[in-house]
1. From the list THR85, THR65, THR58, THR121, which one is loosely packed, with under 12 Cβ neighbours inside 10 Å and of a type in the set (Val, Ile, Thr)?
2. Only one of these conditions is not met by ASP59: (1) under 10 Å from the mean Cα position of the chain (by Cα); (2) within 14 Å of SER99 (Cβ to Cβ); (3) in a helix (DSSP H, G or I). Which number is it?
3. Select from the stretch 127-164 the residues that are of a type in the set (A, V, I, L, M) and over 29 Å from ARG96 (Cβ atoms) and write down the one among them that is surrounded by the fewest Cβ atoms within 10 Å (Cβ to Cβ).
4. Hey, can you tell me all the residues within the stretch 142-153 that are more than 18 Å from THR91 (Cβ to Cβ) and in contact (Cβ under 8 Å) with a residue 40 or more places away in the chain?
5. For ASN10, only one of the following conditions fails: (1) buried (at least 21 other Cβ atoms within 10 Å of the Cβ); (2) over 21 Å from ASP141 (Cβ atoms). What is its number?
6. Quick check, is ALA120 among the small types (Gly, Ala, Ser), at pLDDT 95 or above and touching a helix residue (DSSP H, G or I) at 6+ places or on another chain (Cβ under 8 Å)?
7. Quick one: which helices (runs of 4 or more DSSP H) sit completely within the stretch 72-185 and have at least 1 residues that are within 27 Å of MET33 (Cα to Cα) and either in contact with a His (Cβ under 7 Å, 6 or more places away or on another chain) or among the hydrophobic types (A, V, I, L, M, F, W, C) (or both)?
8. Going by what's in this entry, would LEU128 be described as more than 18 Å from LEU69 (Cβ to Cβ) and in contact with a Pro (Cβ under 6 Å, 6 or more places away or on another chain)?
Amino acid sequence: MSDYEILVENAKKFHGGLCPGIVMGTRMTIAAMKELGLDPKERSRDLIVYVEIDRCMTDAVQAITGCSLGHRSLKYVDYGKFAATFINMKTGKAVRVSSVEDRSKDPEDQTMEEAIEKLATMPEEELLKLEEVQMEVPENDIPGFPKQKAVCSKCGERIMDGRDVIVDGNVLCKACAKGPYYKSI
């Protein structure tokens, strides 16, 4: 089996199925890790990845790299793009990989299998854009124990990693300062 076949199978198992997003995420991860001089079949504790979408692609990135939100090595930036920035913290080198393939040219009646096959076999230069980027990971985003802890003066909940805000001299969580994403009932 090729590296791609092994890694896409791992991503498929993690995700629970094979779809175009898993294929894209696998291809993106392989390309970015090789660009950083890392072996995509080996987990690297020096890797942090910022993903720009909360779709299937991200599951492939997580399955292959081992980066996760819980380990604080996977970061989510809500841009809605099939793109991710991979950072080798040991060397400081960062590469952003994004999709350049024009899906508007796909026929509407293309099956899932046809889309998967197309994405799996398309030449990398027609599918992906890789660019070296400059990236400084904020100290509070680096994996490990929290560097900062605070308690919200309004709700009393703990706030970690510098996510607190100061309003009129009071330490608040973002939910109390700006309103929560949920509604209490």
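The values are calculated or read from the model by the stated rules, or taken from the named source; none is laboratory data. Keep in mind that this is a model prediction, so the values were computed, not measured. Neighbour counts are summed over all protein chains in view; Cβ atoms, including those assigned to glycine, are modelled from backbone coordinates with ideal geometry.
1. Answer to the check: THR121.
2. (2)
3. The extreme case among them is VAL151.
4. GLY144
5. Going through (1) buried (at least 21 other Cβ atoms within 10 Å of the Cβ); (2) over 21 Å from ASP141 (Cβ atoms) one by one, ASN10 breaks only (1).
6. no
7. Output list reads 112-121, 124-127.
8. Here the answer is no, as LEU128 does not meet what is asked.
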